[in-house]
Amino acid sequence: MANPTLGSLLQHWRGRSGRGRREVASSSGVSFDYYKRLEQGRVGIPSSAVLHAIGRALALSADEQAHLTVIANERSHFPQWPVAPPSQRQSQILRGMLDPVFVIDERTRVRGSNRAGWTVLHELGLFGRSERSWIEWMVEHDSSRIVYGEDWETGMRRMAANLNRLMTWNPNDADLAGFVAEWRRRSPLLAEYLDVFDFDVPGSGTLTITLLGEEPVLLDYDYITLSSSPTRFLNVWSAPGGSSGREVLDRIRVRAGRPG
């Protein structure tokens, strides 16, 4: 099958099994509506438990089950940017970017930034911390709720979904598994989100952010995986010209000494 999707594979194997959608859904322990949307490509990334249950219902071989898992998780990858961190080239690119950009690793630690990004980190209270941990700030500091406002829960769910994505692609990383287990213990709410795999990790979108003590503004974000280090990615903030978000980012540039 050329360029298979999760939905096309499920339809193909279900056709081979001679079973209907409702029967496969029942045998897999999921609702009929969920399974139908899964075949139609209208849900996020299923959990490994759901994928294995569906595999058993469709009588998949071990190779077919492995193929199903890979295809299901392919779209959880962000677009790639071919930069090898740390490198002189990366530093040059970061310095040339005027809007805030952060290099974040698999444990949500900020590993690098540009001037505008460091200015934002100072505003968030993360500047000067040895870890500069995004997850610690989101879970344990009230300022994160002020900054994200009504989108705080969305930010938490997105972070949990990204951790699930990283664990799926690094199943033998004991340190990463231990890190996630520790935060499950520290935050029951995050643990709840980690157990919900039906939440996609879009590579780009818009969030409501409050910075510099001003009114909330809409900022665009983009996640870009570093292809030579797929457990690290860029988080880039931006806003279109003429918007209130653009005005706030321009003021951040001025405070960072990069008016642009």
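Looking at the range 148-167, is at least one residue in contact with a Pro (Cβ under 9 Å, 6 or more places away or on another chain) and farther than 19 Å from G205 by Cα? Within the range 148-167, one or more residues are in contact with a Pro (Cβ under 9 Å, 6 or more places away or on another chain) and farther than 19 Å from G205 by Cα. Please verify whether E136 is open to solvent by 30 Å² or more (accessible area, probe 1.4 Å), out of contact with any helix residue (DSSP H, G or I) (no Cβ under 6 Å at 6 or more places or on another chain) and within 24 Å of G245 (Cα to Cα), treating the condition exactly as stated. Considered against the rule, which asks whether it is open to solvent by 30 Å² or more (accessible area, probe 1.4 Å), out of contact with any helix residue (DSSP H, G or I) (no Cβ under 6 Å at 6 or more places or on another chain) and within 24 Å of G245 (Cα to Cα), E136 comes out as no.
Residue-level check: of (1) modelled with pLDDT of 85 or more; (2) small (G, A, S); (3) open to solvent by 60 Å² or more (accessible area, probe 1.4 Å), A160 misses just (3).
Considering the conditions (1) open to solvent by 10 Å² or more (accessible area, probe 1.4 Å); (2) modelled with pLDDT under 90, L226 is excluded by exactly one of them, (1).
A Cβ distance below 6 Å, combined with a sequence gap of six or more or placement on separate chains, defines the contacts here; from the range 109-125, residues that are touching a residue at least 60 places away in the same chain (Cβ under 8 Å) and open to solvent by 30 Å² or more (accessible area, probe 1.4 Å) reach residues that are hydrophobic (A, V, I, L, M, F, W, C) and not in a helix (DSSP H, G or I) in the pairs R111/V103; R115/A256; E123/L211. Cβ-Cβ contacts under 7 Å between residues 6 or more apart (or on different chains), taken from a first residue in the range 166-179 that is at pLDDT 75 or above to a second residue that is among the β-branched types (V, I, T) and part of a helix (DSSP H, G or I), are listed as M167/V180.
The values are calculated or read from the model by the stated rules, or taken from the named source; none is laboratory data. In this text the structure is predicted, and so the values were computed from the model without any measurement. Methodologically, a virtual Cβ is constructed for each residue, glycine included, from the backbone with ideal geometry; neighbour enumeration extends over all protein chains shown. With ligands, DNA and RNA removed, areas are computed over all heavy atoms of the protein, side chains included. Shrake-Rupley method; radii C 1.70, N 1.55, O 1.52, S 1.80 Å.
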